[in-house]
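Step one of this worksheet: look at the structure below.
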Amino acid sequence: MSEHGQDRRARITAALLTWYDQNRRDLPWREDPRPYEVWVSEIMAQQTRMDVVIPYFHRFLERFPTLGDLAAASVDDVLPLWAGLGYYSRAHHLHTAARRVVENHGGQIPDDLSGLLALPGIGPYTAGAILSIAFGQPVAAIDGNVKRVFARLENCREEQESVSFRNDVQVFVEALIPADRPGAFTQAMMELGALVCVPRVPRCDACPLQSDCLGFGSGQPETLPRRAPKAKPRKQAMTVLLVEDDRGRLLLHQRQQRLLQGMWVYHLVEGRLDRQAIDRELCRLGLTVRSVRSAGTARHVFSHLIWEMEGHYVRVASGRAPQEGVWVERPAWRSLALPAAVGGFTRWLDKEQNICGLAGDGSV
Ligand code: SF4
């Protein structure tokens with residue numbers, strides 16, 4: 001690297017850290033950045049805004065103050081604390097990884113890259129964040145914020161999914177990390193990306209790096225980073241059956257599929273079911289349909305999939321155990337972690353119960 005390049009990078013690091021010291025947000029895990037807290041916060045913050053994460057983080061740490069507490073819990077204890085955050089595989093991985101740390105590392109979170117990367121749910125970014133923030137190691141942590149700051153600072157026109165972009169950002173960030181404050185540097189980069197070098201309209205006037213920013217000099221930093229065209233999420237028609245028996249119990253399933261794995265949901269069937277198909281489906285479960293009526297429609301967008309849901313409230317005769325799923329009493333049903341994807345139907349059930357007293361009155 002030329003002397004000029006080294007000077008520029010030293011200036012960027014110094015200006016960034018000074019700005020961070022004066023402008024950083026008070027986040028609950030920043031005061032005493034222990035590995036477990038940093039890990040939980042980083043997993044929760046993936047794809048999720050910080051103001052949303054904070055109350056979830058507090059509740060999670062209150063219920064599972066240590067990694068040992070998390071490992072000792074069942075996944076059914078963990079999922080309700082994740083309900084509403086989305087991307088539930090993160091909670092599954094965190095729980096499984098906590099158990100592995102107890103089994104294989106005596107309860108101590110590994111302080112090396114290979115040990116962390118071997119745990120479920122931890123990729124190079126999260127490993128870099130834990131190593132730099134909690135263990136003070138000069139390891140790069142490159143997330144979307146950091147990629148954006150890099151692309152603009154360097155006026156990099158490569159698509160951010162390309163191998164050369166990934167290599168360039170890695171080399172660039174590694175060259176900036178100061179030996180004495182790697183954790184502060186990691187957080188400063190993320191903070192700048194979250195507060196100043198934001199996606200659509202970067203706040204260049206408030207940026208401590210403006211004089212060294214090639215993207216700002218080019219006049220169009222907001223066009224960076226460039227992205228490869230994204231595949232559109234696929235639409236999937238779904239039928240949601242809100243099945244209730246004469247005793248006011250609801251039929252629920254704990255999902256085995258990767259999407260919403262482990263979450264409790266109503267009886268879901270891919271595709272649209274008409275009245276006859278609903279009767280056949282319930283017959284398959286060994287249940288006798290008394291009546292069916294519409295419970296409205298809802299839509300939920302996952303990252304790769306859009307569920308277009310049509311709901312039906314189905315009253316069935318009691319006395320039979322279903323072939324799939326379990327009967328859950330109404331009060332117990334409310335305490336389960338039903339995902340936001342079917343939240344519209346939960347609200348429908350609540351509303352209908354208030355209006356008609358659905359359970360047990362036979363007046364559907
Ligand atoms: Fe981002 Fe503007 Fe700062 Fe450059 S000057 S890093 S584009 S906020």
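The values are calculated or read from the model by the stated rules, or taken from the named source; none is laboratory data. These numbers were taken from a predicted model, which means no experiment stands behind them. A quick note on method: Cβ atoms are made from the backbone with ideal geometry, for glycine too, and the neighbour counts reach across all protein chains shown. For the accessible areas, the whole protein counts, side chains as well, though only heavy atoms, and no ligand, DNA or RNA atoms are used. Shrake-Rupley method; radii C 1.70, N 1.55, O 1.52, S 1.80 Å.
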- Could you say whether any residue in the range 294-304 is closer than 26 Å to GLN276 by Cα and touching a residue at least 60 places away in the same chain (Cβ under 8 Å)? no
- Task: Working carefully through the options ARG200, ARG290, find the one that is within 23 Å of the chain's Cα centre (by Cα) and either surrounded by fewer than 20 Cβ atoms within 10 Å (Cβ to Cβ) or in a strand (DSSP E or B) (or both).
- Result: ARG200
- Selection status of ALA151, hydrophobic (A, V, I, L, M, F, W, C), more than 16 Å from the ligand (Cβ to nearest atom) and open to solvent by less than 30 Å² (accessible area, probe 1.4 Å): no
- Query: Which is at pLDDT 95 or above, hydrophobic (A, V, I, L, M, F, W, C) and within 16 Å of the ligand (Cβ to nearest atom), of VAL171, VAL146?
  - Reply: VAL146
- Residue, most open to solvent (accessible area, probe 1.4 Å), within the range 243-253, restricted to residues that are more than 15 Å from GLN323 (Cβ to Cβ) and part of a strand (DSSP E or B): ARG249
- Message: Going through GLY183, GLY215 one at a time, which residue ends up being more than 16 Å from the ligand (Cβ to nearest atom), modelled with pLDDT of 95 or more and either surrounded by 21 or more Cβ atoms within 10 Å (Cβ to Cβ) or not assigned by TED's automatic domain parsing to the domain that holds LEU17 (or both)?
- Response: GLY183
- Going through the range 310-339 one residue at a time, which ones are in contact with a His (Cβ under 7 Å, 6 or more places away or on another chain) and either among the hydroxyl-bearing types (Ser, Thr, Tyr) or open to solvent by less than 60 Å² (accessible area, probe 1.4 Å) (or both)? GLY325
- Task: State the number of residues belonging to the range 151-171 that are touching a residue at least 60 places away in the same chain (Cβ under 8 Å) and assigned to a helix (DSSP H, G or I).
- Result: 4
- Only one of LEU224, LEU192, LEU209 is within 10 Å of the ligand (Cβ to nearest atom), in contact with a Lys or Arg (Cβ under 6 Å, 6 or more places away or on another chain) and open to solvent by less than 70 Å² (accessible area, probe 1.4 Å), namely LEU224
- Message: Could you tell me how many of the residues in the range 195-206 are more than 9 Å from the ligand (Cβ to nearest atom) and without any contact (Cβ under 8 Å) to a residue 24 or more places away in the chain?
- Response: 2
- Task: Quick one: which residue in ASP26, ASP77 is assigned to a helix (DSSP H, G or I), open to solvent by 20 Å² or more (accessible area, probe 1.4 Å), assigned by TED's automatic domain parsing to the domain that holds ILE142 and at pLDDT below 95?
- Result: ASP77
- Note on the structure: Residues in the range 39-64 that are open to solvent by 60 Å² or more (accessible area, probe 1.4 Å) and part of a loop (DSSP other than H, G, I, E, B) total 2
- LEU192 meets each of (1) at pLDDT 95 or above; (2) farther than 20 Å from ALA45 by Cβ with one exception, condition (2)
- Query: Can you find a residue in the range 254-271 that is in a helix (DSSP H, G or I), open to solvent by 50 Å² or more (accessible area, probe 1.4 Å) and at pLDDT below 95?
  - Reply: no
